[in-house]
Amino acid sequence: MRFGTITCLASVLLSACAAGPRPDNAPGGAWMPQHMLPGAAEQCMSEPTFLPVLPALDRVESPAALRLAPGDRVRLRIIGDEDRISGTYVLGDGGALSLPGAGRVEAQGLSLAELEGQLRALLVQQNIVQPLRNAVQLQLVESAGVSVAVSGAVFQPGTVRAGERQRDARVGQSEGLASGDANVGRSVATALRAAGGVRPDADIRRIGLIRDGRLAVLNLQAGHDGAAPGDVLLTAGDRLIVPSTGCFDADLVRPSLVTTPGIRVFMSNLARSANNNAGAAIGNETTSLPYGTRLTQGMFALNCVGGSAMNAKRKVILISRNPMTGQSVVVERKVEELVRNADRDEYDPYLMPGDALACYDSRWMNFRDAMGLVTDAVSSVTPVILLEEALSN
């Protein structure tokens, strides 16, 4: 009876050696051509989006048109005044400049020249300075980072900081007294990368910059291709909208001016040829990959390639999510087909931020593990049977 139970157990375990069913996906889950099997018709997976209709914004490329923002540092010099009002000031969180004994001036949104004119008018009105031409001089010391709202075809839409600096990188910390600043980090490209970079369906030829209710349409294709910088400086209160073409563009899946340099991918290899993730050498370095990495390269980071010939028919699973619709997709590929077949590019997906990879063993390895379980079960039951027979005699 007991051996019959063991035989039944062995049959159940060995039946588990069969390969699992192919993953099932909802219609429209696959969103890049490589998610589909070879021969499937390529098509756009979503409807395109468009920019709002607003009055045109002129002279957006001019740095002189940039406005002051909270955190900016300016130096105020007044003729005949050494230490009462003259000095270096930081615009507060609300964007205001407070002068000791003179009052408060709203500076956010003003140009440097406009703020200088308002300060001069205030000080003349209070009889602190004479109405001379150069009685009040204002200089920019440092441009702080600005908050920018980014929406549309980016991986992490929301409000981001562009041009933020570490304390040891601030102007005047190492070079001493200085005037003027060129904060190149306060740019459209920096804001887009801070929002996770543009998605593969982004229309980078028509990126919308909204400032004071007006719209400028920016073409960053040249900057993406490395032909020209093509970047634009930002100011406080700006908004960026990245429209979607609704189609996957493989040319956008690489590090560039408007895309992220790297991505984080989740990995699991809890079967053979590794017994655990530590044994598979899966750590922070292996799960942080350059943007543009394909599933094939991810398999090597996952330690899912090579080893015993008995495991040659292992499979890899990719779990991704359509950034246009939010629909998840699960893709199964045979490892050896990706390694050996010449047409692998047709079904070798690009990895996206937040994707997950898992490696499954071949049937032979499953069979070996199942036989190991049966052998262990027999080894543990046999002494009990012998002991019962000895006691019965």
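The values are calculated or read from the model by the stated rules, or taken from the named source; none is laboratory data. The structure displayed is predicted, hence computed values, not measured ones. Every residue, glycine among them, receives a Cβ derived from its backbone with ideal geometry; neighbour counts consider all protein chains shown. Heads up: the accessible areas ignore ligands, DNA and RNA and are worked out on the full protein's heavy atoms, side chains in. Shrake-Rupley method; radii C 1.70, N 1.55, O 1.52, S 1.80 Å.
Please work out which residue is least open to solvent (accessible area, probe 1.4 Å), limiting yourself to region 107-135 and to residues that are over 21 Å from G180 (Cα atoms) and among the polar types (S, T, N, Q). Looking at residues that are over 21 Å from G180 (Cα atoms) and among the polar types (S, T, N, Q), I get Q126. For region 219-248, how many residues meet the condition of being outside any loop (DSSP other than H, G, I, E, B) and free of Cβ contacts under 8 Å to residues at least 60 places away in the same chain? Here the count works out to 5. Looking across region 82-106 at every residue that is more than 14 Å from Q139 (Cβ to Cβ), assigned to a loop (DSSP other than H, G, I, E, B) and of a type in the set (G, A, S), the one that is most open to solvent (accessible area, probe 1.4 Å) is identified as G101. Please count how many residues of region 310-328 are out of contact with any helix residue (DSSP H, G or I) (no Cβ under 6 Å at 6 or more places or on another chain) and surrounded by 19 or more Cβ atoms within 10 Å (Cβ to Cβ). Within region 310-328, residues that are out of contact with any helix residue (DSSP H, G or I) (no Cβ under 6 Å at 6 or more places or on another chain) and surrounded by 19 or more Cβ atoms within 10 Å (Cβ to Cβ) number 5.
Going through region 177-218 one residue at a time, which ones are closer than 23 Å to P323 by Cβ and assigned to a loop (DSSP other than H, G, I, E, B)?
If the condition is that a residue be closer than 23 Å to P323 by Cβ and assigned to a loop (DSSP other than H, G, I, E, B), then A195, G196, G197, R199, P200, D201, D203, I204, R205, R206 are the ones that fit.
Under the condition of being open to solvent by 40 Å² or more (accessible area, probe 1.4 Å) and either in a loop (DSSP other than H, G, I, E, B) or closer than 27 Å to M36 by Cβ (or both), which residue from region 280-293 is modelled with the highest pLDDT? Looking at residues that are open to solvent by 40 Å² or more (accessible area, probe 1.4 Å) and either in a loop (DSSP other than H, G, I, E, B) or closer than 27 Å to M36 by Cβ (or both), I get P290. Residue check: is L209 in contact (Cβ under 8 Å) with a residue 40 or more places away in the chain and more than 21 Å from the chain's Cα centre (by Cα)? Considered against the rule, which asks whether it is in contact (Cβ under 8 Å) with a residue 40 or more places away in the chain and more than 21 Å from the chain's Cα centre (by Cα), L209 comes out as no.
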